[in-house]
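Working notes for the structure below.
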Amino acid sequence: MKGTNDQRAGLLSGFTAYGMWGVVPLFWPLLKPAGAVEILAHRMVWSLGVVAILLLVLRRWSWIGPLLRQPRKLGLLTVAAAVITVNWGLYIWSVNNGHVVEASLGYFINPLVTIAMGVLLLGERLRPAQWVAVGTGVAAVLVLAVGYGKPPWISLVLAFSFATYGLVKKKVDMGGLESLTAETAVLFVPALGYLLWLSARGESTFTSDGTGHAALLAATGVVTAVPLILFGAAAIRVPLSTLGLLQYLAPVFQFLLGIVYFHEEMPPERWAGFGLVWVALALLTWDALRTSHRTRAQAQAARPAATATAAPAGPDRTETSTNAT
């Protein structure tokens with residue numbers, strides 16, 4: 001019963017996390033007239049405040065000392081912070097400048113880019129279905145490039161920056177809350193410096209656009225931290241295959257918001273490109289589920305064989321024990 005409850009709680013946490021990431025395009029326009037860079041700086045500053053409070057409440061600060069004695073890990077965290085800064089900043093700019101659909105495409109193709117980077121940088125080997133999915137994804141980008149009259153650079157930068165972030169995080173191997181704390185700590189000083197510089201020039205919307213606007217800017221820390229914490233709760237309670245399916249919720253919600261709420265155009269060539277991306281993702285999902293099912297079946301088949309092999313050892317051990325007695 002406890003396992004079932006844990007899994008149900010994990011599923012709810014994962015759905016809520018990806019759901020929040022999916023509807024976050026509704027939040028960034030509320031922060032106007034602040035520009036994307038100012039919003040990003042506030043996000044860095046207030047996120048550190050939120051996660052610092054959480055670490056104090058949870059008493060999870062013992063990792064800080066060992067981390068400060070690991071220059072390589074600190075370097076990787078600095079790279080992760082730089083990459084996620086590009087990702088967050090471009091995403092905020094995209095939403096506030098009418099490119100929600102193109103931004104959603106970046107997170108649709110992110111799994112394909114991650115797989116491609118695994119092959120090129122880590123020497124991983126792909127299964128045939130994965131090769132077909134990656135090839136279909138490349139074809140989708142070409143179709144979209146023809147439709148746009150240029151490469152979909154917003155989508156590509158978002159996809160490659162987030163894939164790079166994931167690759168670096170894999171090497172760092174830290175918990176989500178701890179990693180976010182370290183990354184925002186790296187970015188805190190330059191972000192705060194930029195905000196102080198804006199204020200000195202009289203260009204800060206935080207101090208000039210009222211209490212409500214200032215509260216919304218401060219809320220960027222909560223908007224950043226809460227879904228990440230929920231994601232961490234889901235990651236330890238639900239199977240990886242389930243988590244992999246849930247990750248598509250965010251770009252689906254973003255895509256629908258772009259069309260239904262923000263009324264962005266979807267000409268035929270863009271539908272064709274998105275259609276190819278969805279075919280590629282369907283192939284990846286099918287292959288992942290098939291592989292997971294096969295692995296479980298092999299494990300279950302191996303279990304009785306292992307038991308049968310180990311069974312004769314029982315009487316021998318009993319007999320030895322009797323003789324010794």
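Note on segment 145-176: residues that are aliphatic (A, V, I, L, M) and without any contact (Cβ under 8 Å) to a residue 60 or more places away in the chain total 5. For segment 265-272, indicate whether the set of residues that are in a helix (DSSP H, G or I), modelled with pLDDT under 90 and under 13 Å from the mean Cα position of the chain (by Cα) is non-empty. No, segment 265-272 contains no residue that is in a helix (DSSP H, G or I), modelled with pLDDT under 90 and under 13 Å from the mean Cα position of the chain (by Cα). Among the residues of segment 143-153, just one is part of a loop (DSSP other than H, G, I, E, B) and surrounded by 20 or more Cβ atoms within 10 Å (Cβ to Cβ), namely Pro152. When the residues of segment 25-44 are filtered to those that are out of contact with any Ser or Thr (no Cβ under 8 Å at 6 or more places or on another chain), open to solvent by 20 Å² or more (accessible area, probe 1.4 Å) and not basic (Lys, Arg), which remaining residue is nearest to Pro251 (Cα to Cα)? In this case the residue turns out to be Leu26.
Among residues of segment 5-21 being open to solvent by less than 70 Å² (accessible area, probe 1.4 Å) and in contact with a Ser or Thr (Cβ under 9 Å, 6 or more places away or on another chain), the one that is nearest to Val260 (Cα to Cα) is Gly14. Of the residues making up segment 85-104, those that are touching a Phe, Trp or Tyr at 6+ places or on another chain (Cβ under 7 Å) and either buried (at least 23 other Cβ atoms within 10 Å of the Cβ) or within 19 Å of Leu249 (Cα to Cα) (or both) are Asn87, Ile92, Val95, Val100, Val101, Ala103, Ser104. Of everything listed in (1) open to solvent by less than 60 Å² (accessible area, probe 1.4 Å); (2) at pLDDT 85 or above; (3) β-branched (Val, Ile, Thr), the single unmet condition for Val238 is (2). Scanning segment 154-179 for residues being among the hydrophobic types (A, V, I, L, M, F, W, C), over 12 Å from the mean Cα position of the chain (by Cα) and in a helix (DSSP H, G or I) gives a total of 7. Counting only helices (runs of 4 or more DSSP H) that sit wholly inside segment 24-131, those with at least 1 residues that are touching an Asp or Glu at 6+ places or on another chain (Cβ under 7 Å) are 71-96, 100-122. Scanning segment 93-113 for residues that are at pLDDT 90 or above, of a type in the set (S, T, N, Q) and within 20 Å of Leu276 (Cα to Cα) returns a single hit, Ser104. Yes or no: segment 125-142 includes at least one residue that is within 20 Å of the chain's Cα centre (by Cα), among the β-branched types (Val, Ile, Thr) and either closer than 27 Å to Trp28 by Cα or surrounded by fewer than 23 Cβ atoms within 10 Å (Cβ to Cβ) (or both). Checked against the condition, which is being within 20 Å of the chain's Cα centre (by Cα), among the β-branched types (Val, Ile, Thr) and either closer than 27 Å to Trp28 by Cα or surrounded by fewer than 23 Cβ atoms within 10 Å (Cβ to Cβ) (or both), segment 125-142 yields at least one hit. For segment 191-212, a residue qualifies if it is touching a residue at least 40 places away in the same chain (Cβ under 8 Å) and either over 23 Å from Thr85 (Cβ atoms) or surrounded by fewer than 11 Cβ atoms within 10 Å (Cβ to Cβ) (or both), and exactly one does: Asp209.
The values are calculated or read from the model by the stated rules, or taken from the named source; none is laboratory data. Because the structure is a prediction, the values reported are computed rather than measured. Methodologically, a virtual Cβ is constructed for each residue, glycine included, from the backbone with ideal geometry; neighbour enumeration extends over all protein chains shown. Areas reflect the complete protein model, heavy atoms only, side chains present, ligands, DNA and RNA absent. Shrake-Rupley method; radii C 1.70, N 1.55, O 1.52, S 1.80 Å.
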